[in-house]
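Here's the structure we're looking at; comments come further down.
The values are calculated or read from the model by the stated rules, or taken from the named source; none is laboratory data. As the structure is a computational prediction, the values presented were derived from the model and not from experiment. Positions of Cβ are generated from backbone atoms using ideal geometry, with glycine treated the same way; all protein chains shown enter the neighbour counts.
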Amino acid sequence: MMRRRARALAHPLMRGRADEEALTNLPDHALVGVIRMPGTTSSPVRSIIRRIIGATLALAATVVLVYIGRDGYRDSAGGELSLLDCVYYASVSLSTTGYGDITPVSDLARLTNVLVITPLRVLFLIVLVGTTLEVLTERSRQAFKIQRWRSKVRDHVVVIGYGTKGRSAVTALLGEEHEPGRIVVVDTDHTALEAASAQGLVTVNGSGTRSDVLRVAGVTRARAIVVAPARDDTAVLVTLTARELAPRAQIVAAVREAENVHLLRQSGADSVVVSSETAGRLLGMATTTPSVVEMFEDLLTPDAGLAIAEREVEQQEVGGSPRHLPDIVLGVVREGQLYRVDAPEADAIEAGDRLLYVKKVTPAEP
């Protein structure tokens with residue numbers, strides 16, 4: 001009943017089947033701009049220097065070829081071509097200047113063309129043609145990366161919404177040593193997508209409420225899906241769409257109000273985090289026991305100090321009590337069910353269990 005209610009609430013926002021297949025029917029090269037693969041960025045000054053070096057090498061090679069075959073060239077001023085003549089010819093040829101009714105004849109005029117005018121033409125070509133070629137090359141590189149990524153991506157994490165909650169979720173994932181290239185961010189905010197791309201994440205420009213956008217993000221083959229939009233009603237629709245596309249993926253959703261938790265549960269979310277209620281509890285605790293809040297912040301920060309982690313049970317630990325282990329065990333996960341360490345079910349560790357414990361994190365050296 002609740003699932004039908006959630007679908008009814010989201011129905012005005014649903015699109016037709018033909019519209020939702022729009023992106024999935026496009027070839028990989030047409031998705032450049034929708035999907036953005038992380039890449040290495042270089043300094044603009046270094047890029048211009050590389051272009052100037054390339055143009056200089058091309059000019060030098062042309063001069064050598066013209067000088068070796070100088071007997072096959074004719075100068076309107078008469079006489080055999082000198083090395084300066086060859087440099088002049090190569091310069092005007094590579095710069096696509098061509099020949100007109102006014103041509104430099106004296107050595108001084110040709111030297112001026114070589115040393116002053118031609119570098120200006122080359123600089124113009126570097127800015128105009130070089131930038132155009134760079135854009136085309138980048139699009140081709142992105143198309144190739146997208147094609148390879150879509151054919152190989154498996155068991156990745158899709159984060160829908162890259163606001164405060166989405167960024168914090170990604171920070172936690174990276175702190176758990178997830179590869180940035182295996183995290184996909186879906187959002188419509190270009191600034192947010194730029195920030196995600198700067199971290200080395202794969203980004204998809206589109207609304208998480210559309211099934212074709214989620215398919216492009218590889219939701220059907222994702223291991224986990226983080227639903228973190230700004231609005232609770234959007235979170236319900238995103239969760240419904242994601243669960244329909246990925247029935248086996250783990251879906252974790254965030255809502256602002258506790259009264260919407262049951263809607264997220266009925267929509268298919270495995271875990272629901274109430275952001276406003278959790279923040280309110282911490283604010284209340286901070287007024288009386290600020291040290292407890294500091295401890296919570298330490299546990300939730302994976303970079304240093306203490307952190308909550310999960311690990312497999314070792315063979316020698318089977319049959320023992322989790323309270324007698326060197327680690328500070330908080331609970332036992334058995335067949336997907338979490339039992340607190342003081343629960344009767346957690347008195348003895350069984351094979352296949354996983355332990356939820358507090359571990360000490362050593363900060364990485366700069």
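Tabulated values for the structure
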quantity	calculated
Top-ranked residue in segment 287-311 [being acidic (D, E) and in contact with a strand residue (DSSP E or B) (Cβ under 6 Å, 6 or more places away or on another chain); ranked as modelled with the highest pLDDT]	E310
Residue in segment 204-221 that is nearest to P247 (Cα to Cα), counting only those that are surrounded by fewer than 21 Cβ atoms within 10 Å (Cβ to Cβ) and basic (K, R)	R221
Selected residue [of a type outside the set (F, W, Y) and out of contact with any helix residue (DSSP H, G or I) (no Cβ under 8 Å at 6 or more places or on another chain)] from A169, A196	A169
So I308, is it under 20 Å from V158 (Cα atoms), touching a helix residue (DSSP H, G or I) at 6+ places or on another chain (Cβ under 9 Å), in contact (Cβ under 8 Å) with a residue 12 or more places away in the chain and of a type in the set (A, V, I, L, M, F, W, C)	no
Identity of the residue in segment 233-271, of a type in the set (K, R) and assigned to a helix (DSSP H, G or I), that ends up surrounded by the most Cβ atoms within 10 Å (Cβ to Cβ)	R243
